[in-house]
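The values are calculated or read from the model by the stated rules, or taken from the named source; none is laboratory data. Quantities reported herein were computed from a predicted structural model and do not represent experimental measurements. Here the Cβ positions follow ideal geometry from the backbone for every residue, glycine too, while neighbour counts run over all protein chains shown. Quick note on the areas: whole protein, heavy atoms, side chains included, nothing else; ligands and nucleic acids left out. Shrake-Rupley method; radii C 1.70, N 1.55, O 1.52, S 1.80 Å.
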Amino acid sequence: MSLSMTGYGQSAVDFQGYSLSFEVKSVNHRHCEVVFRMPREWACFEDSLRKAVQKRIGRGRVDVYINKENNSESRRAVLDHGMVQAYLKAAEELKSYGVAGDLAMRDILSLPDILISPDGFPMDKAKQEQWNDALLQGLEEALDGLIQMRSKEGTFLIKDIEGRVDRLQRLHREMEEMAPRVTEDYRRRLRQRIESLHDGALAVDEHIFGMEVALFAERSNVDEELIRLNSHLEQCRELLYQKSPVGRKLDFLIQEMNREVNTIGSKANHLTLVNRVVDLKAELEKIREQAANVE
C-alpha cells in the first residue's frame, strides 16, 4: 500500500562512551531530498547515510538530525594547539592595525574549532568503519519509526481517496444514465418553444427540426469522455494499492480526469448534468489535496 510523505522517527545508540541520538522527519516534496544536521567531523559519513535514507524513502524532504553526547566518566576537552597558535598569531597581526586589547581565556575558549574531540580526527580506516556502522544502525532504527508512521498515515489517506473514488464512480454512473436523455429533453423543449412562438398557427418543418436536433445531439455527445473518465477512475483505484511510489501517477491521473470533466461540462447543455459535473470537480479537488501527500 502507498505511504504518506509525512512522518517522524527517532532512536538512540550508545557507542564508545557516547550517546548518539537520531531524529528523522519527512514532509511533502516532489523528489527525495535528504538534509543532514550533524557534527561537522561526521561529514565523511554523509554519503553512506544518504544512500541508506534513499534506499528506503521514495519521495519527500527528509531532515536527519544526529547529535552526540559524551557520557563517559572521564569526560574531557582537548585543545587544538595548532588552532590556538593560529588565533594568537592573528591577534598579534591585528595590533599592527592599531587594534588594542588582549585575548582573555574566556575569549579564546569561545572561538570556533578551539576544542576538538578527544578521539581525534581524522580517524583511521578501521575506526571510521566502526563509527559508520554505529551511525547506520541508529539511522536505520529511526527510519523504521519514520516508515511505520508514514505507513499508518498512508493507510488513512488511501481509505479516504478510495471512498472519494467510490463517490466519483456513483456520479459517473448517474451521468451515463442521464446522457441519453439530454437529446430527448432538448427535442421536447425545442418543440414546445416553437409551438408557443407560433401559437400553433404554423406547421413545424420536421426535416429542419430533425436536423437541428441531430446537430445538438452531436455537439452534446459525451460518450467518449465518460468512457475515458471511467478508465481513469479504475486506474486510480489500482494505483492506490501498489507498493511502489504512486504520487506522481496519481497527480497525472487527476489532471486527466479534470480535463475530461471540464469537457463534459462544456458540451453538456443540460442543468442536471452540469450539476453532476460540479460535484465531480469538487471531489476531484479533495482527492488532489490528499494525493499531494502520497509518496
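Before moving on, here are some points about what is shown:
- Nearest 10 degrees, 0 to 90: helix 81-95 Cα axis against the chain principal axis: 90 degrees
- Across the stretch 278-295, computed HN-Hα scalar couplings (Karplus, 6.51 cos²θ - 1.76 cosθ + 1.60, θ = phi - 60°) run 4, 5, 4, 5, 5, 5, 5, 5, 5, 5, 4, 5, 6, 5, 5, 9, 8, 4 Hz from first to last residue, x flagging Gly and Pro.
- Taking the C-alpha atoms only, the angle from helix 223-239 to the longest principal axis of the chain is near 30 degrees.
- Rel. contact order, % - alpha carbon contacts under 8 angstrom, at least six apart, the chain: 26 percent
- Å² of accessible area per residue within the chain, as computed with a 1.4 Å probe and no ligands counted: 60 Å²
- Each Lys and Arg adds +1 at its Cβ and each Asp and Glu adds -1 at its Cβ; summed about the Cα centre, the stretch 214-269 shows a dipole of about 240 debye.
- In the stretch 15-93, taking the dipole from charged Cβ atoms about the Cα centre, the farthest positive-side position among Asn28, Met83, Ile66 is held by Asn28.
- For the stretch 34-112, the fraction of C-alpha pairs farther apart than 20 angstrom is 59 percent.
- The magnitude of the dipole of the chain, with charges of +1 and -1 set on the Cβ of Lys/Arg and Asp/Glu and taken from the Cα centre, is near 160 debye.
- The gain in end-to-end length when the Gln128 to Gln192 segment is fully stretched comes to 14.1 nm, 0.36 nm per residue minus the alpha carbon separation.
- The long axis of helix 46-56 is offset from the longest Cα principal axis of the chain by roughly 30 degrees.
- Most mobile of Gly138, Gly210, Gly60 in a GNM of the chain (Cα contacts under 10 Å): Gly210
- Rounded to whole numbers, the Karplus 3J(HN,Hα) couplings from phi for the stretch 145-158 are x, 4, 5, 4, 5, 4, 5, 5, 5, x, 4, 5, 4, 5 Hz, using 6.51 cos²θ - 1.76 cosθ + 1.60 with θ = phi - 60°, and x at Gly and Pro.
- [x] 16.9; [y] 27.2; [z] 15.1, with the label sought being that of the calculated mean projected area of the Cα convex hull in nm²: [y]
- Proximal charge balance of Leu88 [Cβ under 13 Å; K/R count +1, D/E count -1]: -3
- For the chain, calculated [θ]222 nm from helices alone, where every DSSP H run of n ≥ 4 adds -39500 (n - 2.57): -21000 deg cm²/dmol
- Within the accessible area of the chain, the carbon and sulfur atoms contribute 51%, probe 1.4 Å, all protein chains present.
- FRET E, pair Glu69, Thr155, Förster distance 35 Å, beta-carbon r, rounded to 0.05: 0.45
- For the stretch 1-45, the dipole from Cβ point charges (+1 on Lys and Arg, -1 on Asp and Glu) about the Cα centre works out to 180 debye, to the nearest 20.
- Here the spin labels are modelled as points 7 Å beyond Cα on the Cα-Cβ line, and at Cys44 and Glu224 they lie 6.5 nm apart.
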